[in-house]
Each structure stands twice: as structure tokens, then as C-alpha cells.
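This report concerns only the one structure given below.
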Amino acid sequence: MTVSAETWLPLGPLEDMEEGERREVTLPTGKIILLIRAEEKIHAVCADCPHQDTPLAEGSVEGTILTCPLHFWQWDIRTGEEVGLAELPLEIFELRHDNGEWFVRA
């Protein structure tokens, strides 16, 4: 598991995200992350596949398993760990909820 840890950046309110929804967010650092609501929680992962930089927002999500649309690599979005064919972990980001606002450590 790889967790980025530098500074907390604001994401704003995310309560309107529906189950299974994915949302790409470009951070002030230029890094693009993918927010995913699954199992009533919001998860943050790298927006691109670590294999060939394919946009993971175009992939599918079943439960907490994210599948890349290009080569069908899969990861558990809670941990970034590989599932099945995947040979590389997926970078995940820590989220914090404070007074109705969401923040990501990146």
C-alpha cells in the first residue's frame, strides 16, 4: 500500500456524491486524483492506472474493487492492493472530513 503524505488540501463538500459515483479532481499541485463513493464511504486514489496511465474514471467499480478499462487490472480502493491480474499497487490518498468540508492529504 502506498499512501501519499505531505499536506492537507481542501476538496469542499462531497456529501452529494452518490454510491458508485466517481469524480476526478485536479489538486493545486497538478496531481489528478479520483474520488469514489463505495460502501457509503469516499475513497481517493490516483486517477491513472500505474501500468499505462489509462484514466481509471473510465473503468468500473464493483463494491470496493476498481477495474482499469484497458487491461482489466483491479485494485481494492480501500488499500490500493492489487487484485487478480494487477502487478502494481494503486496509490491511495488519506481523506479527512471536518465541519462539512473534505480534505485530502497529498
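Below are the figures for this structure:
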{"read-out": "Cβ pairs under 6 Å, 6+ apart, first in region 9-20 and farther than 16 Å from residue 38 by Cβ, second of a type in the set (Val, Ile, Thr) and surrounded by 11 or more Cβ atoms within 10 Å (Cβ to Cβ)", "value": "9/104; 11/104"}
{"read-out": "Given (1) open to solvent by 20 Å² or more (accessible area, probe 1.4 Å); (2) at negative phi; (3) not aromatic (Phe, Trp, Tyr), number of the condition residue 68 does not satisfy", "value": "(1)"}
{"read-out": "Unique residue being modelled with pLDDT under 95, farther than 26 Å from residue 99 by Cβ and hydroxyl-bearing (Ser, Thr, Tyr) when the list is 2, 29, 67", "value": "2"}
{"read-out": "Selection from region 5-41 of residues that are open to solvent by 20 Å² or more (accessible area, probe 1.4 Å), out of contact with any Cys (no Cβ under 9 Å at 6 or more places or on another chain) and in a strand (DSSP E or B)", "value": "8, 9, 10, 11, 22, 23, 24, 25, 26, 37, 41"}
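Residue-wise test of (1) assigned to a loop (DSSP other than H, G, I, E, B); (2) aromatic (Phe, Trp, Tyr); (3) without any contact (Cβ under 8 Å) to a residue 40 or more places away in the chain.
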position	(1), (2), (3)
71	yes, no, yes
79	yes, no, no
88	yes, no, yes
92	no, no, no
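The values are calculated or read from the model by the stated rules, or taken from the named source; none is laboratory data. Small disclaimer: the values here were computed from a predicted structure and weren't measured. Because the Cβ atoms are built from the backbone with ideal geometry, glycine has one as well, and the counts that use them run over all protein chains shown. These accessible areas exclude ligands, DNA and RNA; they are computed on the full protein's heavy atoms, side chains included. Shrake-Rupley method; radii C 1.70, N 1.55, O 1.52, S 1.80 Å.
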